[in-house]
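Notes for the one structure printed next.
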Amino acid sequence: MSLIKTEKVGTLSVRVFDTRAEMGSAAGNDAADVICSLLAQKPEINMIFAAAPSQNETLDALCARKDIDWTRVNAYHMDEYISLAADAPQRFGTFLKNAIFGKLPFRSVHYIDCTGTDPETECARYGALFENIKIDVVMLGIGENGHIAFNDPPVADFDDKRIIKPVKLDEVCRRQQVNDGCFASLSEVPHTALTLTIPTLFHADYLFCSVPAATKADAVYHTVTDKEISTHCPATVMRRHPHAVLYCDKDSAAKIL
């Protein structure tokens, strides 16, 4: 495996690989090792998963590991569009069901349900699931605008008191969904979503962040080099987390090499 660069920025470990496939393999296998270690210490664990094409290689690597007892893992996903039909292929729950949730025998899988008429009702229901549990591992990415989950710069809050909240998506975020090939045009991308907040994600013991492709080069650059840790680039907050690793390929890391 070709590791091009490794560095520490604050407490954030940054690892750059030659190819996207190598990046995903490293992220998935590192996460798998931690999962196995945690399961050796406790009867079950809780994980949150991001849904995006950037996660494909990492999730594939996780699925390939045969030494994980998934029957002791509870799975959650971190954000979902409001207003998409229940059977829409772009739904993040659908992505995760196809990529990992439907492939492995999880102890439980918890989906955000945005098919109702009142987002706040779903926030109350889904948020209640987190009130008495500890999140062990988060598998995440970074958006082109530096967002974590759907915490775009205009709505990101490092001290958010909510577990999950409705948000308006900014245009950079919505255009990313077109760039990723999830929607054919900007007009098709929903304007609102539900997202787990930054504190909800940040309180996990381990963060594994996979960020491939040239479209993420600016986001990686700001995450690693911005002088201030701020919501102008929400991903900079990972530089305060004790066990966070950022995995990049040479394209997403082009501006920090």
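Looking only at residues of the stretch 189-203 that are open to solvent by 20 Å² or more (accessible area, probe 1.4 Å) and over 15 Å from the mean Cα position of the chain (by Cα), we find that the one that is nearest to residue 120 (Cα to Cα) is 192.
Restricting attention to the stretch 162-188 and to residues that are without any contact (Cβ under 8 Å) to a residue 12 or more places away in the chain and either part of a loop (DSSP other than H, G, I, E, B) or touching a Phe, Trp or Tyr at 6+ places or on another chain (Cβ under 8 Å) (or both), the residue that is most open to solvent (accessible area, probe 1.4 Å) turns out to be 184. When the stretch 1-24 is filtered for residues that are open to solvent by 40 Å² or more (accessible area, probe 1.4 Å) and within 10 Å of residue 58 (Cα to Cα), the ones remaining, listed by number, are 20, 21, 22. Hey, does the stretch 76-99 have a residue that's at pLDDT 95 or above, more than 21 Å from residue 177 (Cβ to Cβ) and not aromatic (Phe, Trp, Tyr)? Within the stretch 76-99, not a single residue is at pLDDT 95 or above, more than 21 Å from residue 177 (Cβ to Cβ) and not aromatic (Phe, Trp, Tyr).
With the structure loaded, tell me whether residue 206 is crowded, with 21+ Cβ neighbours inside 10 Å, touching a residue at least 24 places away in the same chain (Cβ under 8 Å) and not polar (S, T, N, Q) or whether it fails that test.
Working: crowded, with 21+ Cβ neighbours inside 10 Å: yes; touching a residue at least 24 places away in the same chain (Cβ under 8 Å): yes; not polar (S, T, N, Q): yes.
Here the answer is yes, as residue 206 does meet what is asked.
Kindly indicate whether residue 239 is open to solvent by less than 50 Å² (accessible area, probe 1.4 Å) and either in contact (Cβ under 8 Å) with a residue 12 or more places away in the chain or among the acidic types (Asp, Glu) (or both). Outline the logic, then answer.
On the way: open to solvent by less than 50 Å² (accessible area, probe 1.4 Å): yes; either in contact (Cβ under 8 Å) with a residue 12 or more places away in the chain or among the acidic types (Asp, Glu) (or both): yes.
Considered against the rule, which asks whether it is open to solvent by less than 50 Å² (accessible area, probe 1.4 Å) and either in contact (Cβ under 8 Å) with a residue 12 or more places away in the chain or among the acidic types (Asp, Glu) (or both), residue 239 comes out as yes.
For the stretch 124-150, residues that are under 28 Å from residue 242 (Cα atoms) and outside any loop (DSSP other than H, G, I, E, B) total 8. Test each condition in (1) exposed (fewer than 15 other Cβ atoms within 10 Å of the Cβ); (2) within 19 Å of the chain's Cα centre (by Cα); (3) modelled with pLDDT of 95 or more for residue 105 and report the one that comes out false. Every listed condition holds for residue 105 apart from (2).
The values are calculated or read from the model by the stated rules, or taken from the named source; none is laboratory data. Keep in mind that what you see is a predicted model, and the values were worked out from it rather than measured. Please note: Cβ atoms are built from the backbone with ideal geometry, for glycine as well, and neighbour counts cover all protein chains shown. Keep in mind that these areas ignore ligands, DNA and RNA; they rest on the heavy atoms of the full protein, side chains included. Shrake-Rupley method; radii C 1.70, N 1.55, O 1.52, S 1.80 Å.
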